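To keep things clear, I will list the structure first and then write my remarks on it.
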Amino acid sequence: MMIRYTLALLLALFVSQMFGETTNEVSHCNYLLRENDVTDDAANRFVSKLMSKMTYEEKLGQLNLLTQSDFVTGEARNHGFETKLKQGRVGGVLNMVGVAKIREAQRVAVEETRLGIPLLFGFDVIHGYKTIFPIPLAMSASWHPEAVVDAASIATLEAASAGLNWVFSPMVDICRDGRWGRIAEGSGEDPFLGSVMARAMVRGIQGDATFSGNDKVLACMKHFALYGAAEAGLDYTKADMSRHTMYNDYFPPYRAAVEAGVASVMASFNDVEGLPATGNSWLMNDVLREQWGFGGFVVSDFTGVSEMAFHGIARSDSVAGVALCAGVDMDMVSERYVNTLKGREQLVDKACRRILLAKYRLGLFDDPYKYCDPERERQNIYKEENLEKACQMAKETFVLLKNKDRVLPLKGGERVALIGPLADSHGELLGNWCARGDWRQTPSLREALEGRLGKEKIAYAKGCNIYYDMQLNRNAYYPEIDKRSVDEMMREADSVARNADVIVVAMGETANMSGESASRSNLDMPDAQRDLLKRLATIGKPIVLVLFNGRPMSIKWEKDNLDAILDVWFGGSRAAEAIVSTLYGENNPSGKLTVTFPQTVGQEPMYYNHKTSGRPLGNAQWFSKYRVNYIDISPEPLYPFGYGLSYTDFEYGPVSLSSDSMLRGDTLRVSVRVKNTGRYDGVEIVQLYLRDVISKATRPVKELKGFERVALKAGEEREVSFPIIYDMLKYYDYNLNYVAEPGDFEVMVGRNSVDLQTLKFKLLE
Ligand code: NOJ
């Protein structure tokens, strides 16, 4: 081992002298001799033969990923695409969509370049291509991985039918801070659930990863690493934490995606331990490749390579070397590799090989047009059956946060006042990153309600804009700003509400208030909407809030003052239909939160699986001096992780454990009977948590380790039981050894992360 590292160092020094690198870059390069990924299989033989014909410039071309103008997903543009393509200076394209265009670009690559190497075509298919599913955060709230596999399969089939062969999904960043807008794109705060969803997404996108047909494409796990831990919830900022926290809490979903066979990985924008991820060899080479055995290729994020100059890591003409040494194979948009990399043959060879292997794996050398059939494009996209699946998925994501006096479901005969700036919106329902989703074909909530009840039964008023401040409305990308005065709009809403039996308000965030570069410093209901709610609350009619959001919100006033709150996130192409069927009880909500809702933004980052302290509040009353609590807010969240109500009631019997001790190879079983005691059929998500009571390093107060979605008819009862195996007790200790330590454990089972029954057992030596 020592010899290998010494050799690596000597070689790195040699390379640095040859090519004038700084010592800083040398240290990133010492993995040169650690890897030997050229095996003698057919794919490698093919690629070796091809590479033997390639010039250094042509190899660099394979490392170059350019953006096209069908979609804008970053500030920079690439010019002269066709010329560069013909010169063999392009390896892949993003943001070009549709078979006609893609086929033509592929034709140029195959027929008009010297070696005819086909292109990769990538796109952000985050929750649908044209048929839009709910945002990923919402899909995670379904706790239904099989449904997520289906959603990702449909999205992939549509994308693959539109010519694409690579999607920049899944996004698996753990996020514990609702201020970060991109929390919408992931599966929330929990590493266990995040890992389950990561595997489901990779499975949906890549299937068995043989790519023998043309319905599966390369997935891209992102953003490696720790992007969701951005300081202060501010996008692109550094993420600083101990390796113990990385390994236990943030890495599991990335690793799960790798173990599920994800073909590519995207480096994140942020700085990790003083190095941008794009230039962080420890992340890409040591953790991803060596420790986890990742065998695919790594792509930078959009201009992530050139941005290292802004991070101050290297001058603009040497950032490429830093990224390449760090193990980033493909340069998205910045063109630093193709324009500035000199004398890097060995590393360029490695990167080029990985990219060519991915193309080979896809079968592009056999048939570069396998995804380019216009007939499939016509047939497979936006089919009614896809839309029905999207509707069904949306129904499973809704979380009923409050339902005082069972105001929901509506009975059917009520006069409804529909109010709010999102009530007649089309585009907002699609959410952020909605690819080719078409707002014109997306019914609004108003239209869906009118469709059900008839126009004359619904009284509608917009009531307000999102914010009072027009600059904020513009920042929120709210296109439907109403120019009427605040008073006029409020009066109209007031009079509409007075003539109704129930007030349904559609409020919250616009689609673009979450997603990339959409951090918020305040998680409350925006001012204009809250003031309108306050006014409506004086009328004395039941108020149902249909909440649109891409993140947890501090809706304390709403919780305290409204009758019902149905969190519908951004539900996609058929969200409106799903909402209406839920309001009227044909769908019984079963979603549960995968992010903690704080009472106030000041509690962020807030998450259920926190550590205790030497001065826990325990059973002491808030406020207690010299204990861990705020003086101005009680310590609870507004709504805890795992929380969600149903139209029916579920009763839990006593929890039982098969034994109070276990040996290494044993399996314990923890069981509970759950009964649907209400009048509606429903689905309950039963949750299992564990706590390691005494351990060598501090452990969270509880951690999710299992869950089951249980469908129960009214009156039905079932036993739910979870195995507890040795591996579930393991964690990364202070020295990053993955161990289970003998001693006391607590096992908790219940309906959410707070409402739990606890039993104890011992892991014996
Ligand atoms: C930037 C985003 O961070 C990333 O998620 C996305 O895949 C790329 N742009 C490409 O659009």
* Asked: Is it the case that SER264 is surrounded by fewer than 24 Cβ atoms within 10 Å (Cβ to Cβ) and either within 28 Å of TYR689 (Cβ to Cβ) or touching a strand residue (DSSP E or B) at 6+ places or on another chain (Cβ under 6 Å) (or both)?
  -> no
* **Matching residues, region 239-287, being aromatic (Phe, Trp, Tyr) and either within 18 Å of the chain's Cα centre (by Cα) or within 22 Å of GLY304 (Cα to Cα) (or both)** => TYR250, PHE251, TYR254, PHE269, TRP282
* Structure fact -> Checked GLY550, GLY591, GLY515, GLY572 against criteria (in contact with a Cys (Cβ under 9 Å, 6 or more places away or on another chain) and either farther than 22 Å from TYR478 by Cβ or open to solvent by less than 10 Å² (accessible area, probe 1.4 Å) (or both)); the one match is GLY572
* Structure fact -> In the set GLY88, GLY92, GLY98, GLY80, the lone residue that is in contact with a strand residue (DSSP E or B) (Cβ under 7 Å, 6 or more places away or on another chain) and not acidic (Asp, Glu) is GLY92
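Condition check ((1) on the phi < 0 side of the Ramachandran plot; (2) within 14 Å of the ligand (Cβ to nearest atom); (3) touching a Leu at 6+ places or on another chain (Cβ under 7 Å)) across all residues:
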site	(1), (2), (3)
GLU231	yes, no, no
THR237	yes, yes, no
ASP240	yes, no, no
ASP249	yes, no, no
PRO253	yes, no, no
GLU273	no, no, no
ASN280	yes, no, no
VAL299	yes, yes, yes
GLY312	no, no, no
* Search region 211-225 for residues that are under 16 Å from ARG199 (Cβ atoms) and of a type in the set (D, E, K, R) and pair each with any residue that is assigned to a loop (DSSP other than H, G, I, E, B) and within 12 Å of the ligand (Cβ to nearest atom) when their beta-carbon atoms are under 9 Å apart and the residues are at least 6 apart or on different chains. => LYS222/PHE168; LYS222/SER169; LYS222/PRO170; LYS222/VAL172; LYS222/ASP173; LYS222/SER268; LYS222/ASP301
* To do: Taking ARG446 as the residue in question, decide whether it is crowded, with 20+ Cβ neighbours inside 10 Å, of a type in the set (Lys, Arg) and farther than 30 Å from PHE123 by Cβ.
  => yes
* **Qualifying residue in region 216-226 (condition: more than 15 Å from the ligand (Cβ to nearest atom) and surrounded by fewer than 20 Cβ atoms within 10 Å (Cβ to Cβ))** => no
* Structure fact -> (1) assigned to a helix (DSSP H, G or I); (2) within 16 Å of the ligand (Cβ to nearest atom); (3) touching a Leu at 6+ places or on another chain (Cβ under 7 Å) all hold for PHE192 apart from (2)
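I need a count of the residues in region 35-72 that are within 16 Å of the ligand (Cβ to nearest atom) and open to solvent by less than 30 Å² (accessible area, probe 1.4 Å). Talk me through it step by step, then tell me what you get.
Quick first cut of region 35-72, residues within 16 Å of the ligand (Cβ to nearest atom) only: 64-72.
This time we only want the ones that are open to solvent by less than 30 Å² (accessible area, probe 1.4 Å), so: 64-67.
Here the count works out to 4.
Tally up the residues in region 398-410 that are in a loop (DSSP other than H, G, I, E, B) and surrounded by fewer than 18 Cβ atoms within 10 Å (Cβ to Cβ), please. Full working, then the answer.
From region 398-410, those in a loop (DSSP other than H, G, I, E, B) are 398, 407-410; that's our starting set.
Subset that is surrounded by fewer than 18 Cβ atoms within 10 Å (Cβ to Cβ): 407.
Residues that pass the stated criteria total 1.
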* Asked: Considering only region 568-605, how many residues are in contact with a helix residue (DSSP H, G or I) (Cβ under 6 Å, 6 or more places away or on another chain) and small (Gly, Ala, Ser)?
  -> 7
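With respect to LEU275, determine if the residue is crowded, with 24+ Cβ neighbours inside 10 Å, out of contact with any Gly (no Cβ under 8 Å at 6 or more places or on another chain) and modelled with pLDDT of 95 or more.
no
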* **Which listed residue, of GLY295, GLY321, GLY327, is touching a residue at least 60 places away in the same chain (Cβ under 8 Å), assigned to a loop (DSSP other than H, G, I, E, B), away from the ligand (no atom under 15 Å from the Cβ) and crowded, with 24+ Cβ neighbours inside 10 Å** => GLY327
* Given (1) touching a Cys at 6+ places or on another chain (Cβ under 9 Å); (2) free of Cβ contacts under 8 Å to residues at least 12 places away in the same chain, where does GLU111 come up short, assuming only one miss? -> (1)
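Could you grab me the full set of residues in region 484-509 that are part of a helix (DSSP H, G or I), of a type in the set (A, V, I, L, M, F, W, C) and crowded, with 18+ Cβ neighbours inside 10 Å? Explain how you work it out, then say what you get.
Kept after step one, since they are part of a helix (DSSP H, G or I), are these residues of region 484-509: 486-498.
The next check asks that each one be of a type in the set (A, V, I, L, M, F, W, C); those that pass are 486, 489-490, 493, 496-497.
Within region 484-509, MET489, MET490, ALA493, VAL496, ALA497 meet the criteria.
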* Hey, any hits in region 200-212 for a residue that's β-branched (Val, Ile, Thr), under 24 Å from VAL328 (Cα atoms) and not in a loop (DSSP other than H, G, I, E, B)? -> yes
* Structure fact -> The helices (runs of 4 or more DSSP H) lying entirely within region 89-186 that contain at least 2 residues which are open to solvent by less than 10 Å² (accessible area, probe 1.4 Å) and within 14 Å of the ligand (Cβ to nearest atom) are none
* Asked: Any chance region 269-278 includes a residue that's in a strand (DSSP E or B) and either under 26 Å from GLY602 (Cβ atoms) or in contact with a Phe, Trp or Tyr (Cβ under 7 Å, 6 or more places away or on another chain) (or both)?
  -> yes
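The values are calculated or read from the model by the stated rules, or taken from the named source; none is laboratory data. Keep in mind the model is a prediction, meaning the values are calculated, not measured. Backbone-built Cβ (ideal geometry, glycine too); neighbour counts: all protein chains shown. These accessible areas exclude ligands, DNA and RNA; they are computed on the full protein's heavy atoms, side chains included. Shrake-Rupley method; radii C 1.70, N 1.55, O 1.52, S 1.80 Å.
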